[in-house]
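Q: Please read through the structure below; I'll follow up with questions.
The values are calculated or read from the model by the stated rules, or taken from the named source; none is laboratory data. What you see is a predicted model, and the numbers here were worked out from it, not measured in a lab. Glycine gets a Cβ as well: all are built from the backbone with ideal geometry, and neighbour counts include every protein chain shown. We work out accessible area using only protein heavy atoms, side chains counted, and drop any ligands, DNA or RNA first. Shrake-Rupley method; radii C 1.70, N 1.55, O 1.52, S 1.80 Å.
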Amino acid sequence: QHADPKVQLNAICSQWLPLSDAVLSMVCNKLPSPLDITAERVEKLMCVGPRTFDSLPPETQELKSAFMKCSSEGTAPVIVFVSKMFAVDAKALPHNKPR
């Protein structure tokens, strides 16, 4: 009983498919297990830009094994990956630029 069609659509969709449950369910079902990650992928995630894994401090290199174990023990280190994402115009992407 609202004049705005966006509000009506939002009300229908929120009853039909709660977004948070749907997204979490798809993430759990579709993303590979963190235990299946390769050592090369761990090194790529731990290195920024042109820096190599071997150039990281020894303390940081030791986190690689903890990263691959994904242990939930109280003594295991907590590793957090922070990623900044922002909208970019499609024309600015490298594959859309003329060569």
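Okay, residues lined up against (1) part of a helix (DSSP H, G or I); (2) in contact with a Phe, Trp or Tyr (Cβ under 9 Å, 6 or more places away or on another chain); (3) among the acidic types (Asp, Glu):
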residue: Leu24; (1), (2), (3): yes, no, no
residue: Leu45; (1), (2), (3): yes, yes, no
residue: Gly49; (1), (2), (3): no, no, no
residue: Met68; (1), (2), (3): yes, no, no
residue: Phe81; (1), (2), (3): no, no, no
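Q: Just checking, does region 24-31 include any residue being over 30 Å from Leu9 (Cα atoms) and loosely packed, with under 10 Cβ neighbours inside 10 Å?
A: Within region 24-31, the subset over 30 Å from Leu9 (Cα atoms) is none.
No, the conditions are met nowhere in region 24-31.
Q: Out of region 1-22, which residues are among the β-branched types (Val, Ile, Thr) and at pLDDT below 85?
A: Going through region 1-22, the residues among the β-branched types (Val, Ile, Thr) turn out to be 7, 12.
Matches in region 1-22: Ile12 only.
Q: Could you check Thr75 against (1) of a type in the set (Ser, Thr, Tyr); (2) assigned to a loop (DSSP other than H, G, I, E, B); (3) within 24 Å of the chain's Cα centre (by Cα) and say which number it fails?
A: Result: Thr75 fails condition (3) only.
Q: Quick one: Val88 ticks every box in (1) exposed (fewer than 10 other Cβ atoms within 10 Å of the Cβ); (2) part of a helix (DSSP H, G or I) bar one, so which box is it?
A: Result: Val88 passes all but (2).
Q: List the residue pairs whose Cβ atoms are under 7 Å apart, where the first residue sits in region 1-17 and is of a type outside the set (Asp, Glu), the second is modelled with pLDDT of 80 or more and open to solvent by less than 90 Å² (accessible area, probe 1.4 Å), and the two are 6 or more positions apart or on different chains.
A: Note: pairs meeting the criteria are His2/Gln8.
Q: Please enumerate the residues belonging to region 10-37 that are farther than 16 Å from Phe81 by Cα and touching a helix residue (DSSP H, G or I) at 6+ places or on another chain (Cβ under 9 Å).
A: Result: Cys13, Leu19.
Q: Scanning for something closer than 20 Å to Ser83 by Cα, part of a helix (DSSP H, G or I) and out of contact with any strand residue (DSSP E or B) (no Cβ under 7 Å at 6 or more places or on another chain), does region 2-9 turn up at least one residue?
A: Here is the first cut: in region 2-9, the ones closer than 20 Å to Ser83 by Cα are none.
Checked against the condition, which is being closer than 20 Å to Ser83 by Cα, part of a helix (DSSP H, G or I) and out of contact with any strand residue (DSSP E or B) (no Cβ under 7 Å at 6 or more places or on another chain), region 2-9 yields no hits at all.
Q: Take Arg41 and decide whether it is modelled with pLDDT of 85 or more, surrounded by 10 or more Cβ atoms within 10 Å (Cβ to Cβ) and assigned to a loop (DSSP other than H, G, I, E, B).
A: On the way: modelled with pLDDT of 85 or more: yes; surrounded by 10 or more Cβ atoms within 10 Å (Cβ to Cβ): yes; assigned to a loop (DSSP other than H, G, I, E, B): no.
When the stated conditions are applied, Arg41 does not pass them.
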